[in-house]
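The values are calculated or read from the model by the stated rules, or taken from the named source; none is laboratory data. Here the structure is a predicted model, which is why all the values come from computation and not from measurement. Neighbour counts run over all protein chains shown; Cβ positions are idealised from the backbone, glycine included.
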Amino acid sequence: MDKALRFGSKAGLGRISALLSSIGNPQDKLKYVHIAGTNGKGSTSAMLASVLKYAGYKTGLYISPYVEDFLERIQLDGAKITEEDFSFHLSRLVPHIEKLCGAGLEPLNQFEIITAVAFDYFACKGCDFVSLEVGLGGRFDATNVIKAPEAAVICSLSEDHTEYLGDTLEQIAAEKCGIIKEGSDVLAYANNPLTAQRIINEACLEKKACLTVPDTTKLTVLSRDISGSKIRYGSLEVFVPLAGEHQILNALSVIEAGRALRKRGFCITDGNIADGIRETKFPARLETVRQEPLCVIDGAHNRGGITALSSEIDCLFSGKRLISVMGMLKDKEYAFCIPQIAMRSDVFIATSPETPRALEAGSAASIAEKHCQNVYRVPEINDAVALALSKAKNDDVILVCGSLYMLGQAKRKLMEK
C-alpha cells in the first residue's frame with residue numbers, strides 16, 4: 001500500500017465529510033473521547049474504552065494499526081467487528097464512493113474508508129461512547145470529522161511522521177492539538193516536553209477548552225514489574241496491566257479523563273476507572289507472550305517509543321542476558337532507534353517487516369554492528385524468531401521490537417510449542 005493510498009494525496013477532511021454526508025452523517029449520532037499523540041494513544045484508547053465499558057456504557061473502540069488481525073481496529077465492548085459486519089458496512093459505502101468519485105471527488109484513501117465503516121458500524125450498534133484513536137496527526141486526520149468530543153486526550157508527544165506533520169516538535173504538537181474543540185475537556189500527558197505543553201496550553205486557551213494535566217506529586221508507585229504496575233493516585237489505588245513507566249502516565253490521563261466525564265454528568269465512578277484500567281488488554285506493548293525464556297514484544301518504532309522501551313529494558317531486565325529481534329521501517333528514525341536496542345543486547349538479530357516500507361535486514365545489521373558484538377542478519381521474521389529461541393536459555397530474555405507490521409507474526413511464532 002503506497003503512501004498516496006494510505007494517507008491520501010491531499011490533506012483535508014473534504015473526502016470523508018462528503019462520504020459520511022452521503023450516508024446520513026452517522027458520526028454525529030455518537031459521543032466520543034478523542035485521543036491523539038505520538039506514542040501511547042493506542043494504550044490510552046484501550047484503557048478508556050475499558051473504563052467506559054465497566055461504567056455500563058456500550059463502547060466502541062477505534063484504533064490503528066492492528067497487530068494480529070485487521071478487524072482489531074474496530075471493536076465493540078472489547079470484541080472485534082465480525083467479518084460479516086465489516087463486509088456489510090463496507091458494501092454499504094461502495095455505491096456512495098463510486099457516485100462521489102464519478103462526480104469528481106478525489107479518491108478516498110484506505111484510512112478514510114475504514115474510518116467511515118467504523119462510524120457507520122458504531123452508530124448502527126447504538127454505541128453510547130466511542131474511544132476514538134487518531135490515525136496520523138490530528139487536524140486533518142479522518143477521525144477529526146467529528147464535532148466536539150466530550151473529552152480530548154493529548155498523549156506523549158515527540159518527533160515522528162515529520163514528512164507529514166512538520167520538522168519541529170512545536171509543529172507536530174500543533175497538528176495533534178487540531179482535535180481540540182470548543183466545548184470539550186482536554187487531558188494532557190503528564191510528562192510532555194515544555195515546548196509541546198506550551199502549544200497544548202495555547203490551543204486550549206484559543207478554543208476555550210478546559211485543560212487538565214495529571215498532578216504527578218499525587219502519584220505513588222507501589223510496585224512495578226513486567227506484569228504491570230500497582231499505583232496510588234491520590235486516594236485511588238489502581239493496577240495498570242501494561243508494563244512500563246510510560247503506561248503509568250497514560251493511566252493517569254485515563255483517570256483524569258474518567259473524572260472529567262463524571263463532572264460532565266456521566267456515571268463513572270473511581271471504582272469503574274480502577275476496574276477498567278485493571279482489565280485492559282492491549283497487544284504488543286511490553287507484552288509477555290511466553291515464559292522460560294521470557295519473551296516480550298513491543299511496538300516501539302520511533303524516538304519517543306524507543307527511549308521509553310530502553311528505559312524499561314534497563315529497569316526490568318537488568319542483569320539478564322538479552323536477545324533482541326528488531327525490524328524497522330525505512331521512513332522511521334532507524335539510525336537513532338537501532339543503536340539504543342543494540343547497545344543493550346547480548347545478541348541482536350536484524351530482520352525486516354513484510355512491507356515495501358521495510359528497512360532491509362542488512363542495513364539494520366550494519367548499524368547494529370557498531371553497538372553489539374553478536375549481530376545476525378535474518379530477513380524473514382519467523383526465521384529470526386526461531387534463531388532467537390535457539391540461542392536462548394530459560395533465564396534469558398527475548399525481546400522482539402520495532403514495526404507493528406511484524407509483531408503479530410512474531411507473536412504467533414513465539415507462542416508455538
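Some notes on this structure:
- Residues within the stretch 358-383 that are of a type in the set (A, V, I, L, M), within 19 Å of Ser345 (Cα to Cα) and not in a helix (DSSP H, G or I), tallied: 2
- The set of residues in the stretch 276-295 that are touching a strand residue (DSSP E or B) at 6+ places or on another chain (Cβ under 9 Å) and either part of a loop (DSSP other than H, G, I, E, B) or of a type in the set (Phe, Trp, Tyr) (or both) comprises Thr280, Pro283, Ala284, Arg285, Leu286, Pro293.
- Yes/no for Asp185 being of a type in the set (Asp, Glu) and surrounded by 19 or more Cβ atoms within 10 Å (Cβ to Cβ): yes
- Residue match in the stretch 401-413 (condition: surrounded by fewer than 17 Cβ atoms within 10 Å (Cβ to Cβ) and assigned to a helix (DSSP H, G or I)): yes
- Where Ile306 falls short, out of the listed (1) touching a Cys at 6+ places or on another chain (Cβ under 6 Å); (2) surrounded by fewer than 19 Cβ atoms within 10 Å (Cβ to Cβ): (2)
- Scan of the stretch 166-176 for residues that are touching a helix residue (DSSP H, G or I) at 6+ places or on another chain (Cβ under 6 Å) and buried (at least 22 other Cβ atoms within 10 Å of the Cβ), ordered by number: Ile172, Ala173, Glu175
- Lone unmet requirement of (1) among the acidic types (Asp, Glu); (2) over 30 Å from Ala251 (Cβ atoms); (3) touching a Ser or Thr at 6+ places or on another chain (Cβ under 9 Å) for Asp270: (2)
- Top-ranked residue in the stretch 131-165 [being within 18 Å of Ser64 (Cβ to Cβ) and β-branched (Val, Ile, Thr); ranked as surrounded by the most Cβ atoms within 10 Å (Cβ to Cβ)]: Ile154
- In the stretch 99-113, the qualifying residues are those that are touching a Gly at 6+ places or on another chain (Cβ under 9 Å) and either among the aliphatic types (A, V, I, L, M) or buried (at least 23 other Cβ atoms within 10 Å of the Cβ) (or both), and the one that is nearest to Ile268 (Cα to Cα) is Glu112.
- Residues that are over 20 Å from Gly138 (Cα atoms) and not in a helix (DSSP H, G or I), drawn from the stretch 31-55: Ala55
Okay, residues lined up against (1) surrounded by fewer than 19 Cβ atoms within 10 Å (Cβ to Cβ); (2) outside any helix (DSSP H, G or I); (3) not β-branched (Val, Ile, Thr); (4) not assigned by TED's automatic domain parsing to the domain that holds Phe140:
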site	(1), (2), (3), (4)
Gly178	yes, no, yes, no
Lys181	yes, yes, yes, no
Glu206	yes, no, yes, no
Phe239	yes, yes, yes, yes
Leu249	no, no, yes, no
Leu252	no, no, yes, no
